[in-house]
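Single-structure report; data block below.
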Amino acid sequence: MSFEEKLVKALEALGAKDEASVRALFVEVRDALESEKRTLLSTPAANDADRMERAKALRDRWLSRRNGLLAQVDEHWLKPASRELKPVVGLEFNQLRQLAKGLEVEELIKSVAVDSRSAVVGRDPNDPEGLGAGKGKGPTQAAEAIGFDPTLPGNRRPLGSIHPITRVQREIEEIFLTLGFWIESGPEIESVYYNFDALNIPESHPARDDWDTFYIDSQTVLRTHTSPVQIHAMEKYGAPLHIIIPGKCYRRDNPDATHYPMFHQIEGMAIDQDVTFADLKGTLDFFAKRFFGDQTRTSFHPSFFPFTEPSGEVAVSCPICDGQGCRTCKQSGWIEVMGCGMVHPEVLRRGGIDPDRYSGWAFGLGVERYAMMKYGIHDIQLFYQGDLRFLEQF
Ligand SMILES: [Zn+2]
């Protein structure tokens, strides 16, 4: 006799005359309920609608008010139960009702979710990677069984790339590192003394004007060049000294194709005994050939900077047209790439180095300009807009 057939008979007719036999009957019913629930949860559904339909069917089979299996237990077992058996039947029936709450559709759906998770967590010990999940079943069935499709590709997060400014900065650093220079850095918020006075830039110099410099207060500025680090380094290490100084600088420039209020400089400085302008020319010529190519020629022209004496501008033969004249070099065949000079004796003195014993040279270049030349970029603002379409090209 199936348990369903038993449900439509009275307890007496089933021979249940004591507590033990009543409990045994209820155990049978509860086992059936649990088993049907497990079957529903473990059977793959074609889709959500299919699963919902089956969940509803199971719920109605047991909990339907009119003719659900529980209603039958109530009708045929509880109501006609003898006075002696009524308490135990009532108790068992209550337990069955509690258990049957798990058949409400929303509970079943929760169970499906939990079941999927435990299917992933509780992997087959012989298959710890879960690679064979649902082996022997079709991929869709396996996916249904564990709640997701392990054969789908994962979520890839795009990797960024090195910013062109950083890329060029590193390339320049690398060339000087091979020559025995080391990298020195300093604060971007700088005192007026280190930014101007110590570098022999007098109060009357136009660079100190409010129009050109961001002042934090009357004694503090956003550094307008990386040169203050020269003084810091001289104070810190003394001579001899071979450093390059990469970093951000700030000037009150309105942004346009060639200006931006923030930009990157690299300075170099070499201080030792008997250092001459010939060393400067040799080093910068070597650097230019390394960076722009072996065919590159360099040309030095007199210039003026307060912190070097004598001062010069360095031009390289145009790497685009090799000196023949083109749009990039404005038909001149040459491109100015940096300023340089012998360190002014006053600057050495401010750094605590005796200018009678030591001499040195220094140069400064704008990293943006090198990056623009190298990659053929015509607007400096592109570097700072964070536009992935631009940045992804490097
Ligand atoms: Zn050219």
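For the structure I just gave you, tell me whether residue 369 is crowded, with 18+ Cβ neighbours inside 10 Å and either within 14 Å of the ligand (Cβ to nearest atom) or without any contact (Cβ under 8 Å) to a residue 60 or more places away in the chain (or both).
Criteria met by residue 369.
Working carefully through the options 341, 325, find the one that is on the phi > 0 side of the Ramachandran plot and part of a strand (DSSP E or B).
341
Condition check ((1) without any contact (Cβ under 8 Å) to a residue 12 or more places away in the chain; (2) more than 43 Å from the chain's Cα centre (by Cα); (3) within 16 Å of the ligand (Cβ to nearest atom)) across all residues:
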{"residue": "272", "(1), (2), (3)": "no, yes, no"}
{"residue": "290", "(1), (2), (3)": "no, no, no"}
{"residue": "293", "(1), (2), (3)": "no, no, yes"}
{"residue": "302", "(1), (2), (3)": "yes, yes, no"}
{"residue": "309", "(1), (2), (3)": "no, yes, no"}
{"residue": "316", "(1), (2), (3)": "no, no, yes"}
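I want to confirm something. Restricting to segment 330-364 and keeping residues that are closer than 22 Å to residue 378 by Cβ and within 39 Å of the chain's Cα centre (by Cα), which single residue is farthest from the ligand (Cβ to nearest atom)?
Checked segment 330-364; the qualifying residue farthest from the ligand (Cβ to nearest atom) is 338.
Since residue 375 meets every condition but one in (1) surrounded by 17 or more Cβ atoms within 10 Å (Cβ to Cβ); (2) of a type outside the set (Gly, Ala, Ser); (3) touching a helix residue (DSSP H, G or I) at 6+ places or on another chain (Cβ under 7 Å), which condition does it not meet?
Result: residue 375 passes all but (1).
Grab the helices (runs of 4 or more DSSP H) fully contained in segment 67-185, keeping just those with 1 or more residues being at pLDDT 75 or above and loosely packed, with under 11 Cβ neighbours inside 10 Å.
The qualifying helices (runs of 4 or more DSSP H) are 86-100, 105-121, 164-178.
Scan the strands (runs of 3 or more DSSP E) fully inside segment 214-320 and keep the ones with 1 or more residues being crowded, with 19+ Cβ neighbours inside 10 Å.
220-222, 241-250, 262-272, 298-305, 308-317
Report every pair of residues separated by at least 6 positions or lying on different chains whose Cβ atoms are under 7 Å apart, first residue within segment 226-249 and more than 19 Å from residue 180 (Cα to Cα) and in contact (Cβ under 8 Å) with a residue 24 or more places away in the chain, second of a type in the set (D, E, K, R) and crowded, with 20+ Cβ neighbours inside 10 Å.
Sorted first by the residue in segment 226-249, then by its partner, the pairs are 226/267; 227/267; 228/190; 231/350; 249/223.
Between a first residue in segment 321-334 that is under 16 Å from residue 372 (Cα atoms) and a second residue that is within 6 Å of the ligand (Cβ to nearest atom), which pairs have beta carbons less than 6 Å apart while being 6 or more apart in sequence or on different chains?
Here the result reads 326/320; 328/320; 329/318, each pair linking segment 321-334 to a residue that is within 6 Å of the ligand (Cβ to nearest atom).
For segment 378-387, state whether one or more residues are assigned to a loop (DSSP other than H, G, I, E, B), surrounded by fewer than 16 Cβ atoms within 10 Å (Cβ to Cβ) and within 15 Å of the ligand (Cβ to nearest atom).
yes
So which of 51, 38, 23, 30 is over 29 Å from residue 89 (Cβ atoms) and part of a helix (DSSP H, G or I)?
Residue meeting the stated conditions: 51.
Cβ-Cβ under 6 Å, sequence separation 6+ or interchain: first residue in segment 42-64 and within 17 Å of residue 96 (Cβ to Cβ), partner part of a loop (DSSP other than H, G, I, E, B). Which pairs?
62/68
The values are calculated or read from the model by the stated rules, or taken from the named source; none is laboratory data. Because the structure is a prediction, the values reported are computed rather than measured. Because the Cβ atoms are built from the backbone with ideal geometry, glycine has one as well, and the counts that use them run over all protein chains shown.
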